[in-house]
1. Can you tell me which residue is farthest from PRO138 (Cα to Cα) among those in region 65-97 that are in contact with a helix residue (DSSP H, G or I) (Cβ under 7 Å, 6 or more places away or on another chain) and touching a residue at least 40 places away in the same chain (Cβ under 8 Å)?
2. Just the residues that are without any contact (Cβ under 8 Å) to a residue 60 or more places away in the chain, open to solvent by 30 Å² or more (accessible area, probe 1.4 Å) and touching a helix residue (DSSP H, G or I) at 6+ places or on another chain (Cβ under 9 Å), please, taken from region 235-252.
3. I'm trying to understand the selection: among the residues of region 253-284, which are surrounded by 15 or more Cβ atoms within 10 Å (Cβ to Cβ), closer than 20 Å to LEU38 by Cβ and charged (D, E, K, R)?
4. Tally up the residues in region 27-56 that are modelled with pLDDT of 85 or more, open to solvent by less than 20 Å² (accessible area, probe 1.4 Å) and in contact with a helix residue (DSSP H, G or I) (Cβ under 8 Å, 6 or more places away or on another chain), please.
5. Please give the number of the condition SER208 fails out of (1) modelled with pLDDT of 90 or more; (2) within 22 Å of the chain's Cα centre (by Cα); (3) surrounded by 12 or more Cβ atoms within 10 Å (Cβ to Cβ).
6. Enumerate the helices (runs of 4 or more DSSP H) found wholly within region 98-174, keeping only those where 1 or more residues are free of Cβ contacts under 8 Å to residues at least 12 places away in the same chain.
7. Of all residues being open to solvent by 40 Å² or more (accessible area, probe 1.4 Å) and over 13 Å from TYR262 (Cβ atoms) in region 212-224, which is nearest to the chain's Cα centre (by Cα)? Just the residue, please.
8. Please state which of the following conditions ILE106 fails to meet, knowing it meets all the rest: (1) over 19 Å from PRO138 (Cβ atoms); (2) open to solvent by 10 Å² or more (accessible area, probe 1.4 Å).
Amino acid sequence: MPASKLKQLLSQLESVLLGKPEQIKLAVACILAKGHLLIEDLPGMGKTSLSQALATSLGMSYQRIQFTSDMLPADILGVSIYQQEQQAFTFHPGPIFNQMLLADEINRASPKTQSALLEAMAERQITLDSTTHPLPKPFFVIATQNPIEQSGTFPLPESQLDRFMMRISIGYPNEQAELEMLKGLTTRSVAEPLSQCFTPSELISIQSQVQKVSASDAVLKYLINLAQFSREQADGNGLSPRASIALLDAAKAWAFLHHRNYVVPEDIQAVFHCVAEHRIRTNSQLQGQALSDHILASVNPIS
């Protein structure tokens, strides 16, 4: 990825979501690592704006689904309809057949509907009526969810949470960013649309380059030590082998974003919170960021 185009992509996204460069970098890293992104925050924080800007900047086909309690899996995946003239069923694809899917307020849907995304996110395909349908490439899910204490929410089960490589929170804007929002400087008008920085085929090529970023045995040992320590803290509900792979892939993407073809411990530390926190379950008083901070502080990186 040319440095100039990478800079253009990040700069363009920062013009949409003001004052959040770290969250933007994490979202881009998640895409480069072929992961899926969960954004947990209050309504009105810019979650939808970020997903739309990502899709436009990367030239990906885009569909937003507003999840509700009465939504059915067929509303996402599609349905087979019997055609009497042909005396056969014809499959009508649902909105999931896009390169980027925004599952807005995913935890307002029932667990049955939430589970409709499991196969799609893990295998980039869906199976209906014993027929497998491949999804377009690249394929990326951004899901948003409201805090679980809000009314009308169904917490995502562990199996669903594990399909998301990263979970991030955008948070409130700082004073300067909010001032610019009130002045109307944060969003582009219809007459000034976002430009496409990459094509989908270029994105696939970049994702392949990210996979080639190297990690030394010492760095891998550090990652393993973090995973093992998390299991000790969580009484068996620590980072799984799948989570370790996700952590390595995310660290490779973070290194790539910083123009390096090798991973250093700081790359793992930079992405550890958003990769690990939604996967670890523990009965201790330490939860969330406090727990991940404790794990990072307790495991010395390999120099």
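The values are calculated or read from the model by the stated rules, or taken from the named source; none is laboratory data. Remember, predicted model here, so these are calculated numbers, not experimental data. Don't worry about glycine lacking a Cβ; one is built from the backbone with ideal geometry, like all the others, and counts go over all protein chains shown. We work out accessible area using only protein heavy atoms, side chains counted, and drop any ligands, DNA or RNA first. Shrake-Rupley method; radii C 1.70, N 1.55, O 1.52, S 1.80 Å.
1. Taking region 65-97 as the starting set, the residues that turn out to be in contact with a helix residue (DSSP H, G or I) (Cβ under 7 Å, 6 or more places away or on another chain) are 65, 67-69, 71-73, 76-77, 94-96.
When the remaining residues are screened for being touching a residue at least 40 places away in the same chain (Cβ under 8 Å), the result is 67-69, 71-73, 76-77.
Working: PHE67: 23, THR68: 26, SER69: 29, MET71: 26, LEU72: 25, PRO73: 22, ILE76: 18, LEU77: 17 Å.
If we take residues in region 65-97 being in contact with a helix residue (DSSP H, G or I) (Cβ under 7 Å, 6 or more places away or on another chain) and touching a residue at least 40 places away in the same chain (Cβ under 8 Å), then SER69 is farthest from PRO138 (Cα to Cα).
2. At the first step, the residues of region 235-252 found to be without any contact (Cβ under 8 Å) to a residue 60 or more places away in the chain are 235-239, 241, 244-245, 247-248, 251.
Adding the requirement that they be open to solvent by 30 Å² or more (accessible area, probe 1.4 Å) leaves 235-237, 241, 245, 248.
The answer is ASN237, PRO241, LEU248.
3. Passing the criteria: GLU277, ARG279.
4. 15
5. Of the numbered conditions (1) modelled with pLDDT of 90 or more; (2) within 22 Å of the chain's Cα centre (by Cα); (3) surrounded by 12 or more Cβ atoms within 10 Å (Cβ to Cβ), the odd one out for SER208 is (3).
6. Values: elements: 111-114, 118-123, 158-161.
Correct list: 118-123.
7. Taking the candidates together, the pick is ILE224.
8. Among (1) over 19 Å from PRO138 (Cβ atoms); (2) open to solvent by 10 Å² or more (accessible area, probe 1.4 Å), ILE106 violates only (2).
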